[in-house]
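Note sheet for the following structure.
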Amino acid sequence: MSSIRSYSPQDPTDLVVEAPAFTSADVARSISRGAEAHHAWSRASPHERAGALEKAASALQDATSELSRLIVREVGKPVAEATAEVARGVAILKYFAAQAFEPDGEVLPGNDGRTLLMVRRRSHGLVGLITPWNFPMAIPLWKAAPALAFGNSVILKPAEQASAVALRLADMLQQWLPQHVFQVATGGPEAGTALVDGADCVSFTGSAAVGRQVARSAVDRGIPVQCEMGGQNASIVMPDAAPEPTAASIAAAAMGYAGQKCTATSRVIVVGDRPDFAEAFVAAVRALSVGDPSDPAVEVGPLITETARDRAATAVATASNQGARVLFGGGRMTDRQGHFMTPAVVSINDQSHPIAQEEVFGPVCALLTADDLPQAIDAANAVKYGLAASVYTSDLAVALDAVDGLDVGMVKVNQPTTGVDFYAPFGGNKASSYGPREQGKAAQVFYTSTRTISMSGVRP
Ligand code: NAD
């Protein structure tokens, strides 16, 4: 089997792992083993399923510092966020362990007094999970934990750049699960495609381009599919929003983890003439600490690859050449090893410019203006994505109007666009998502299907 390599983004000479590159034939073999394992797992008691997830949660918790160091090393996530991600993984496992005991159906009135009419949920079979590198532990877990809790077997195809974390996660889960109930297929697009071609259900998170392809293939096969994809998320700043705290909140959401979150703020739409806000925003971005992600004081680490860093820096330079004003940053930090750049704030009048339309997936934020709330909402909605948005105001009526008008799956008031609660449904509108929501109670709906069962006590 050939292999893939994952290098540390802050030290590209540091080979974190060399992992097998699964071919289509390798994935097909894993699928048959997983499908076989599903038979017994789908009939396991809720005690057994919940017990396995609970034990995995404890193992994860005990290994918090080792796992967070691995996340820092492999994907360059600042250590405070990496530690929080492991804690979130623990909480996700515990939450879905408890969900294994939730009702799995309902009873309806039968068509005579003695007929029992029931609706029961059951697992799909072998579920394929295809995940990105930016939340290497939380995303695989928020998919795998419910899939397993509701009786599916799982194959995880992690992003190449997050192979080491995925393999370590597999160690922590597999020791509590029957053989082949949870498998990992490391590799690239070939492994992902083969999984979509053979699984009974697919959950994907990643870019819009790949997600659309995955959705098309899954729909062709007639299997359940959900795709969580990119964003171009806006925060609206109303005239009554206090400049410094608002700027600090948005700067962290735009630039934290070098802007590599699907919910990162990519546009700030400032309502009214607010030079004070632009100044406060630039000051808040300038104050962020950029550097070695293992330093607890650092908020902005490297970009995942040199290509990603160059793409983000080029987006800023192109906008500047086309009339935008770069208020701060945007340069490659070539004096350092690793794929660093200074976070960039770009003031632009034109909402249709690519920097205000496309997902840069880097520490780059466009600053736009609007005359009033309706204009700000129109601008926020004038992108193909619809993942998250927020509004900063102390006026309740304005907040409610914004919540009503913003065409996104997640809307926040006086909070940053980033931040997700695993016990609430998660997903976007338009090009950001396809298929049912994930997380929270929505997960049971996705990872199971219903059967309607009618039982009569009267023999014909
Ligand atoms: P990506 O689309 O390049 O890769 C995602 C996964 O798909 C990887 O495992 C990759 O190997 C696999 N893949 C690639 N080609 C494939 C194919 N043809 N068939 C099947 N699988 C294939 O995304 P990425 O660079 O890893 O992650 C960044 C993207 O993820 C951003 O667009 C970001 O917005 C998005 N993201 C979205 C969410 C969300 O919940 N909406 C969360 C995190 C990241």
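The values are calculated or read from the model by the stated rules, or taken from the named source; none is laboratory data. Predicted model only: the values in this text are computed from it and were never measured. Cβ sites come from the backbone with ideal geometry, for glycine too, and all protein chains shown count toward neighbours.
Annotations for the structure displayed:
- Scan of segment 433-442 for residues that are buried (at least 18 other Cβ atoms within 10 Å of the Cβ) and either more than 18 Å from residue 138 (Cβ to Cβ) or at pLDDT below 95 (or both), ordered by number: 434, 435
Listed here are the residues, each with its yes/no results for (1) closer than 24 Å to residue 293 by Cα; (2) surrounded by 15 or more Cβ atoms within 10 Å (Cβ to Cβ); (3) at pLDDT 95 or above.
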{"site": "25", "(1), (2), (3)": "no, no, yes"}
{"site": "71", "(1), (2), (3)": "yes, yes, yes"}
{"site": "82", "(1), (2), (3)": "yes, yes, yes"}
{"site": "94", "(1), (2), (3)": "no, yes, yes"}
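- Filter result (closer than 28 Å to residue 49 by Cβ and either over 21 Å from the mean Cα position of the chain (by Cα) or near the ligand (Cβ under 10 Å from one of its atoms) (or both)) within segment 200-216: 200, 202, 204, 205, 206, 214
- Considering segment 191-240, and only residues there that are of a type in the set (Ser, Thr, Tyr) and touching a Phe, Trp or Tyr at 6+ places or on another chain (Cβ under 9 Å), the residue that is nearest to residue 271 (Cα to Cα) turns out to be 235.
- Sole exception among (1) more than 22 Å from residue 440 (Cα to Cα); (2) touching a Phe, Trp or Tyr at 6+ places or on another chain (Cβ under 8 Å); (3) charged (D, E, K, R) for residue 88, by number: (1)
- Filter result for residue 231 (closer than 28 Å to residue 350 by Cβ and within 15 Å of the ligand (Cβ to nearest atom)): yes
Residue-wise test of (1) touching a residue at least 24 places away in the same chain (Cβ under 8 Å); (2) of a type in the set (A, V, I, L, M); (3) surrounded by fewer than 18 Cβ atoms within 10 Å (Cβ to Cβ); (4) not assigned by TED's automatic domain parsing to the domain that holds residue 240.
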{"position": "373", "(1), (2), (3), (4)": "yes, yes, no, no"}
{"position": "379", "(1), (2), (3), (4)": "yes, yes, no, no"}
{"position": "385", "(1), (2), (3), (4)": "yes, no, no, no"}
{"position": "391", "(1), (2), (3), (4)": "yes, yes, no, no"}
{"position": "397", "(1), (2), (3), (4)": "no, yes, yes, no"}
{"position": "403", "(1), (2), (3), (4)": "no, yes, yes, no"}
{"position": "424", "(1), (2), (3), (4)": "no, yes, yes, yes"}
{"position": "444", "(1), (2), (3), (4)": "yes, no, no, yes"}
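- The single residue among 194, 144 that is more than 21 Å from residue 305 (Cα to Cα), within 9 Å of the ligand (Cβ to nearest atom) and assigned to a helix (DSSP H, G or I) turns out to be 194.
- Residue identified as more than 16 Å from the ligand (Cβ to nearest atom) and in a loop (DSSP other than H, G, I, E, B) among 460, 416, 436: 460
- Scan of segment 290-328 for residues that are closer than 16 Å to residue 134 by Cβ and polar (S, T, N, Q), ordered by number: 305, 307
- Condition broken by residue 162, with the remaining ones in (1) more than 16 Å from the ligand (Cβ to nearest atom); (2) outside any loop (DSSP other than H, G, I, E, B) satisfied: (1)
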